[in-house]
Every structure is written in C-alpha cells, then in structure tokens.
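Please read the structure below before turning to the comments.
Here, each number is a calculation from the coordinates, and none is a lab measurement. Keep in mind the model is a prediction, meaning the values are calculated, not measured. Neighbour counts are summed over all protein chains in view; Cβ atoms, including those assigned to glycine, are modelled from backbone coordinates with ideal geometry.
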Amino acid sequence: EGGFYTPETNDISFLIEAEGLDNEGYVLNQKGLWVDIYTDMKKQLNKLCNLKHGNALFYVMAGLAKTSMKLDDCLLINENGTICEAISSNIFVVKNGALYTPPLNEGCVDGIMRKQIMRLATANKILTFEMPITINSLMNGDELFLTNAVKGIEWVGQYKNKFYTNRMAAFFTDKLNELTRHE
C-alpha cells in the first residue's frame with residue numbers, strides 16, 4: 001500500500017506507543033534548562049507546520065545538535081528567522097508579568113499545553129500576546145519556559161549569557177496541578 005506517495009484510499013493507520021511517567025501530576029524542573037538556537041535548518045511555514053506528524057526529521061536533526069552542543073534543548077527558527085518553538089515544546093517569554101508566545105502562523109505546533117496555558121493566563125488576568133519571538137525578545141525577557149502535554153512546563157535558566165527566573169512557570173505548574181486534581 002505504501003511507498004508510492006499516492007494513496008489509493010483515504011484510510012488511516014496508526015501506532016500508539018506508551019511509557020509510564022515518573023511523577024503523578026506536573027513537577028517543575030529544579031534546575032533551569034540551558035538552551036540555544038538551532039540554526040542549521042529552518043522550520044518551513046506551510047499547511048503542515050502546526051501539526052504533529054510522522055515527518056520528524058527536522059526535530060531529530062535539532063535533537064542531534066542539542067546533544068552535540070551539550071544543551072538541554074534547542075529553540076527552533078522558522079523561514080522568517082524568528083523563534084517558533086523548541087524541539088518538543090511550545091515557547092513562552094514572560095516580560096513585566098505578561099506572556100508572549102508565537103502565533104500559529106509563525107510555524108509552532110498547535111500544542112494542547114500551549115492552549116491550556118493561554119486559557120489559564122486569561123482566567124488569571126495575565127496579559128497574553130501572540131507575536132513573533134526574536135532574539136531580542138529572549139534577551140529582554142524575565143522568564144522563558146517551554147510547554148508540552150507530557151512534561152507540563154520546563155523553565156529555562158539560561159540562553160547565551162542571559163539568566164531567567166521561574167516565578168510564572170511555578171505559578172502555572174501549580175495551576176495545572178489544581179486542574180488535574182479536580183478532573
């Protein structure tokens with residue numbers, strides 16, 4: 001059925017893989033992540049860029065670069081040269097108590113946890129702006145954190161010579177755990 005790049009039907013096949021989690025609920029990382037920007041490739045902006053799909057080569061290449069650079073994660077840039085996400089997470093910058101995250105048209109995955117953080121921010125009257133994230137955004141931010149549905153929130157401690165705090169990341173981790181205890 002496969003291998004010819006022209007499907008004969010619109011039927012789908014899928015594989016589900018699962019692993020146990022180390023913790024019950026979300027736990028904020030004790031030590032902030034050390035990140036840098038992956039510059040060897042840029043994420044393409046197209047119809048598929050907001051979806052998680054089987055073509056993960058771009059993310060694998062970024063993961064290999066992360067390992068070779070001895071980093072905890074890499075931030076990914078799009079065709080416009082702005083930061084759209086991390087290897088397996090969405091990105092948020094905190095500046096003066098407000099949240100900034102790339103809009104979907106910047107190429108980030110339309111993540112479940114991204115949506116949840118934005119909902120929690122609105123519910124807690126925290127201003128949230130969807131706008132392109134630049135290197136200047138990173139250098140001027142007070143906090144930088146990454147989100148995904150499995151890990152929850154991971155705060156970034158350092159990018160280049162910039163160091164970050166984790167107050168807002170801790171706040172959202174507590175709010176996420178409150179939600180999971182009530183469901």
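From the cross-link list Lys42/Lys160; Lys95/Lys125; Lys47/Lys95, which pairs have alpha carbons spaced over 26 Å apart? Display every interim value, and only then the final one.
Details: Lys42/Lys160 20 Å; Lys95/Lys125 15 Å; Lys47/Lys95 31 Å.
Flagged as over cut-off: Lys47/Lys95.
So which aspartates and glutamates can Lys31 reach, going by Cα to Cα under 14 Å and dropping same-chain residues fewer than 8 places off?
Filter leaves Asp72, Asp73, Glu143, Glu154.
Can you put Ile16, Ile135 in order of Cβ neighbours within 10 angstrom, beginning with the fewest? All intermediate terms of the calculation are to be shown ahead of the outcome.
Values: Ile16 4, Ile135 16.
Going from sparsest to densest Cβ surroundings: Ile16, Ile135.
So which residue, out of Phe92, Phe163, Phe171, gets the largest mean-square fluctuation from a GNM of the chain using Cα contacts under 10 Å as springs?
So, out of Phe92, Phe163, Phe171, the one fluctuating most is Phe171.
Lys and Arg at +1, Asp and Glu at -1: add these up for the other residues within a Cβ distance under 15 Å of Ile91 and post the number. Each step should come with its number before you reach the end.
Numbers: positive: Lys43, Lys66, Lys95, Arg114, Lys115, Lys151, Lys162; negative: Asp36, Asp72, Asp73, Glu85, Glu106, Asp110, Glu130, Asp142, Glu143, Glu154.
Counting the neighbours of Ile91, the net charge comes to -3.
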